Ligand code: GLA
């Protein structure tokens, strides 16, 4: 009896301390301002691209109009530089009155009426990375303010703070978010700051308190940046792959597909590898001018999205690594598997990459393969799967063991 009581008390204590919002059962999908629009506050000279209500409404409209919403993209997320430089007389955060003349609640209402959700950005320290007011002295008030505004996701950054305090400070925000009673997806930058300071993130604690979290450097608009992130994920997968699952996602940062730097092949590679990683799919591109080859052709590929959104939520792993190629795989529901063969060589033509079915996690000696970018059945493979893969490109397949 005593044992039962203490067990119940332990379970209650754990639930009380954990993030308790029931959201993000599959990786969040949507749009996030930062990589493409950064801290552009110059609405006088650049009214179409500055961080303003106008920009977020435009992106929301495009998500709906271009069919992004129909395939799962639902968040419109504000990043840094949305706030006024000072809190109001009640210490509440307030939006910049010129760039957000109707305030954040009105923006949330308008996005909700389009069937979309709104994300916002704050910082655990004294100031955001862009120098706007931080939350350190007003965490509970800020959580309640965001809930009152109807916010659906909070990214809490970590500039200008004491990194060694994050393991207690971020969980405090988790508690304040729980207390509001509004299910707000909680995106934490905590592990990336710990890594950057030479500390080892406690990923179990992070997963108990956050729905998603950044592990590594900010993405920028370059293939090198994408490769750097993939290599970090591949070489550190044992540290954080095991904690991913429904409600908890490693976040390799935004998709830069449709921006200035990636070729079509490279863009497919980012999309395939983010999806095999069960990563949040947050596009940072201008949806008003995106080329349809990148939009409908890649970002709206429902067969690839289905891999990202597989309900089992197992993050893929690097399973084979050569000097010019990498192979990733992940198990999916109904005893199926996804695999990505990645040609990491930016030289010469397509090359053959082959991998044993066993290495992909498949126990049978044969499997049927379906190419998720070509949208066609490739037939049955015995013992090995192999394909010709373009330079910087991928072949992504769904495998059904026979
Ligand atoms: C940090 C974050 C970025 C972005 C900027 C905003 O660098 O990692 O994702 O939010 O701050 O200033």
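Cα axis of helix 223-235 to longest principal axis of the chain: angle in degrees, 0 to 90, nearest 10?
80
Find the relative contact order for the chain and round it to a whole percent, using C-alpha pairs within less than 8 Å whose residues are 6+ positions apart.
Here the relative contact order equals 13 percent.
What number, in percent, do you get for the relative contact order of segment 6-155 if the mean sequence gap of Cα pairs under 8 Å and at least 6 apart is divided by its residue count?
Once normalised by length, the contact order is 21 percent.
Within segment 101-207, what percent of beta bridges assigned by DSSP are antiparallel, to the nearest 5?
Looking only at bridges with both residues in segment 101-207, the antiparallel portion is about 10 percent.
At R0 = 41 Å, how high is the FRET efficiency between residue 71 and residue 38 if r is their beta carbon distance? Nearest 0.05 is fine.
Given R0 = 41 Å and the Cβ-Cβ separation, E is 0.95.
As I understand it, the value is the acute angle between the Cα axis of helix 103-113 and the longest principal axis of the Cα atoms of the chain; what does it come to in degrees, rounded to 10?
Once rounded, one gets 40 degrees.
How much length is gained if the chain between residue 217 and residue 347 is pulled fully straight, taking 0.36 nm per residue apart and subtracting their Cα-Cα distance, in nm to one decimal?
Gain in length upon complete extension: 44.2 nm.
Between residue 374 and residue 289, 0.36 nm times their residue separation minus their Cα-Cα distance comes to what?
Net length gain for the segment: 28.1 nm.
Which angle between 0 and 90 degrees, to the nearest 10, do you get for helix 139-149 versus the longest principal axis of the chain when only C-alpha atoms count?
80
Over all alpha-carbon pairs of segment 30-157, lay out the pair-distance distribution in 5 Å bins, whole %, shortest bin first.
Over segment 30-157, the share of Cα pairs per 5 Å bin runs 2, 11, 22, 25, 20, 12, 5, 2, 0 percent.
Report the rotationally averaged projected area of the chain based on its alpha-carbon convex hull, in square nanometres.
Average of the hull's projected areas for the chain equals 21.7 nm².
How would you rank 271-282, 38-49, 161-172, highest first, on the average number of other Cβ atoms within 10 Å across their residues?
Descending packing order for the listed peptides: 271-282, 161-172, 38-49.
Which order results if 204, 358, 268, 62 are arranged by neighbouring Cβ count within 10 Å, fewest first?
Least to most surrounded, the residues fall as 204, 358, 62, 268.
Once a ≥ b ≥ c are taken as the square roots of the eigenvalues of the Cα gyration tensor of segment 317-401, is the result rounded (a/c under 1.5), prolate (a/b larger than b/c) or oblate (a/b not larger than b/c)?
Prolate, since a/c reaches 1.5 and a/b exceeds b/c.
How much length is gained on full extension from residue 235 to residue 84, taking 0.36 nm per residue of separation minus their Cα-Cα distance?
50.3 nm
Values in this text are rule-based calculations from the coordinates and carry no lab data. This one's a predicted model, so the numbers in the text were calculated from it and none came from an experiment. For neighbour counting, all protein chains shown are included, and Cβ atoms are generated from backbone atoms with ideal geometry for every residue, glycine included.
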